[in-house]
Every structure is written in C-alpha cells, then in structure tokens.
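S.K.: If you scroll down you'll find the structure; I have some questions about it.
The values are calculated or read from the model by the stated rules, or taken from the named source; none is laboratory data. Since the structure is predicted, the reported quantities are computational estimates derived from the model, not experimental observations. Quick reminder, even Gly has a Cβ in these numbers, built from the backbone with ideal geometry, and neighbours come from all protein chains shown.
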Ligand code: CTP
Ligand code: MG
C-alpha cells in the first residue's frame with residue numbers, strides 16, 4: 001500500500017521576498033525543498049516522493065534532490081542528483097511541473113501517482129518538520145483514519161473582520177487550531193476531494209467539503225511554515241543550533 005508524499009514547491013514566495021522561488025531559497029546552505037524531502041525520507045514511512053516545482057526549475061530540482069531506496073528504506077544523504085526521474089523515468093523522487101495555485105500544484109502531483117494508497121501532502125516551506133511527526137501522521141492513516149492533520153493551539157486571539165477592518169467576531173480560541181503539514185489522506189478520499197474544482201489553502205479544506213471527518217493530531221512547533229523573512233531567520237538560527 002504505497003505511501004506517496006506530494007511536496008508542493010511551485011510557489012513564488014512573494015511574502016519572503018527573495019529573488020528565487022521560496023522552495024529554492026537556502027536555509028543554512030541547503031534549499032528548503034531538499035530539507036523537506038530529506039525529512040520525508042528520514043521518516044522511514046514514505047515509498048515515493050513527488051515534488052511539484054515551477055516549470056523553469058524542473059532541471060534544477062532534479063539536480064538538487066536526493067535518490068533513496070524505498071525497499072531498504074535506507075539512504076545516502078550525500079547522494080545528490082542523478083537518481084531523480086523527472087518525467088521520463090519515474091523514480092523514488094520525481095519532479096513534476098506545478099501550477100498557478102497551490103491546489104493546481106497538488107492536483108498535478110496526484111495525477112502523477114495513480115499507484116498511491118495513501119498521500120502525504122507536505123509543504124516544501126515546512127523545511128524543518130521533524131521526521132517523527134511525519135511518521136505519526138502516517139501511523140494514524142494506516143490505523144484507518146482517512147484524513148489526518150497536525151494541529152497546534154493558537155497563541156494569539158483570532159478575530160474576524162469585515163472589508164473595512166471592523167471586527168465582526170471573536171471565535172473561542174480554545175476551539176481554534178493552527179494546521180500544519182504533512183496532511184495525510186487515503187488516496188481515494190484525496191482524489192475525490194480534488195475532483196471538486198475549487199481552491200483552498202489546505203488540502204483538508206477540500207476534504208471537509210465532501211463532509212469527511214478530518215482527525216487532528218498534535219503538531220510540532222518545528223513544522224512551522226517559512227513564510228516571511230523573520231521565519232527564515234528563525235530557521236537559519238535553528239539549523240546553526242543543530243536542528244537538522
Ligand atoms: N505552492 C505550490 N504551488 C503554488 C503555490 C504554492 O506548490 N502555486 C507551495 C509553495 O511552494 C509552498 C507551499 O505551497 O511550499 C505553501 O505555500 P506558501 O507558503 O504560500 O508559499 P508561496 O506561495 O511560495 O509563498 P507566497 O504565498 O508568499 O508567495
Ligand atoms: Mg502562497
């Protein structure tokens with residue numbers, strides 16, 4: 001029952017504001033997308049990885065991503081490039097072209113994995129996600145929960161506002177969670193969700209539209225999404241302190 005990880009890495013990184021697309025920005029000398037893929041491999045639970053990147057960066061991505069051996073689930077972290085399949089020869093780490101919206105990128109990844117029994121959808125920008133958390137999401141999936149997402153309590157009070165910025169409400173914070181990735185789904189459920197032609201900021205949002213039950217499990221602060229320059233500074237600091 002193949003566990004296929006889909007790694008959306010085709011965004012532009014407008015909020016980070018670097019010259020290159022965010023997933024290719026280095027954190028402590030290593031591009032985010034490589035760190036994210038290394039984390040998935042290190043989890044030991046993934047059979048195949050499909051990375052979605054901007055069209056002009058397919059070759060660059062192939063060159064910087066590792067190969068791994070899903071049978072022994074062993075890997076050589078120093079082995080870079082060469083082992084990736086691109087379009088022609090599907091391999092354990094495959095690169096495909098993403099789309100204009102994150103939803104389009106994930107849809108492209110789903111299309112490249114007709115063999116999947118389970119999908120893990122994992123943002124390249126969550127580059128420091130602990131492999132242990134990836135394994136926990138997968139264990140819940142394999143225990144029979146068809147939709148599993150990591151969640152953290154929110155620390156700020158969250159308010160809704162109208163178009164002019166006037167507060168319209170304050171939801172009870174104890175009922176709110178910040179949602180991370182990887183988000184895990186039975187392949188059947190995720191394919192059905194993506195048959196809906198709508199855009200959402202996360203994959204569970206689509207699954208919810210089908211009325212399916214989405215289970216939360218504890219997230220991890222280290223799975224934060226590198227979105228702004230401040231996040232990048234934090235990630236650099238963490239790496240120099242020995243976090244992956
Ligand atoms: N992503 C993608 N395809 C898109 C948009 C986003 O694959 N069309 C990916 C990003 O590369 C990232 C993840 O989805 O790994 C989460 O998105 P986000 O943090 O919003 O990244 P960007 O869209 O690159 O950043 P921004 O919104 O600031 O431009
Ligand atoms: Mg974005």
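S.K.: Given the criteria over 24 Å from residue 118 (Cα atoms), away from ligand 2 (no atom under 16 Å from the Cβ) and either at pLDDT 95 or above or not in a loop (DSSP other than H, G, I, E, B) (or both), does residue 19 qualify?
M.R.: Considered against the rule, which asks whether it is over 24 Å from residue 118 (Cα atoms), away from ligand 2 (no atom under 16 Å from the Cβ) and either at pLDDT 95 or above or not in a loop (DSSP other than H, G, I, E, B) (or both), residue 19 comes out as yes.
S.K.: Does residue 38 fit the bill of being closer than 17 Å to residue 130 by Cα, in contact with a strand residue (DSSP E or B) (Cβ under 8 Å, 6 or more places away or on another chain) and away from ligand 1 (no atom under 13 Å from the Cβ)?
M.R.: yes
The rows are residues; the columns are (1) within 30 Å of residue 237 (Cβ to Cβ); (2) under 12 Å from the mean Cα position of the chain (by Cα); (3) at pLDDT 95 or above.
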| position | (1), (2), (3) |
| --- | --- |
| 97 | no, no, yes |
| 104 | no, no, yes |
| 107 | no, no, yes |
| 110 | no, no, yes |
| 124 | yes, yes, yes |
| 127 | yes, yes, yes |
| 136 | yes, no, yes |
| 140 | no, no, yes |
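S.K.: Show me the strands (runs of 3 or more DSSP E) entirely contained within segment 156-222 in which 2 or more residues are more than 20 Å from residue 107 (Cβ to Cβ) and in contact with a strand residue (DSSP E or B) (Cβ under 9 Å, 6 or more places away or on another chain).
M.R.: Counting at least 2 such residues, we get 167-169, 177-179, 215-218.
S.K.: Sticking with this structure for a sec: Just checking, does segment 23-32 include any residue being touching a residue at least 60 places away in the same chain (Cβ under 8 Å), within 11 Å of ligand 1 (Cβ to nearest atom), buried (at least 18 other Cβ atoms within 10 Å of the Cβ) and in a strand (DSSP E or B)?
M.R.: Within segment 23-32 (the criterion being touching a residue at least 60 places away in the same chain (Cβ under 8 Å), within 11 Å of ligand 1 (Cβ to nearest atom), buried (at least 18 other Cβ atoms within 10 Å of the Cβ) and in a strand (DSSP E or B)), the answer is no, since none of the residues qualifies.
S.K.: Is there any pair linking a residue in segment 1-18 that is under 28 Å from residue 138 (Cα atoms) to one that is modelled with pLDDT under 95 and near ligand 1 (Cβ under 10 Å from one of its atoms), with Cβ under 6 Å and at least six apart or on different chains, and which?
M.R.: Taking only residues 6 or more apart or on different chains, not a single pair turns up.
S.K.: Could we say that residue 47 is under 23 Å from residue 117 (Cβ atoms) and more than 16 Å from the chain's Cα centre (by Cα) here?
M.R.: no
S.K.: Here are 60, 19, 55: which of them is surrounded by fewer than 19 Cβ atoms within 10 Å (Cβ to Cβ), more than 8 Å from ligand 1 (Cβ to nearest atom), over 18 Å from the mean Cα position of the chain (by Cα) and under 16 Å from residue 104 (Cβ atoms)?
M.R.: 55
S.K.: Could you list, in sequence order, all residues of segment 91-115 that are within 10 Å of ligand 1 (Cβ to nearest atom), buried (at least 20 other Cβ atoms within 10 Å of the Cβ) and under 16 Å from residue 58 (Cα atoms)?
M.R.: Hits for segment 91-115 are 98, 105, 106, 109.
S.K.: What is the residue count in segment 1-16 for residues that are assigned to a strand (DSSP E or B) and either more than 6 Å from ligand 1 (Cβ to nearest atom) or more than 14 Å from the chain's Cα centre (by Cα) (or both)?
M.R.: Looking only at that region, the number is 5.
S.K.: Which residues, taken from segment 211-227, are loosely packed, with under 13 Cβ neighbours inside 10 Å and in contact (Cβ under 8 Å) with a residue 12 or more places away in the chain?
M.R.: Result: 213, 218, 221.
S.K.: Considering each of 149, 137 in turn, give the residue that is within 29 Å of residue 35 (Cβ to Cβ) and assigned to a strand (DSSP E or B).
M.R.: 149
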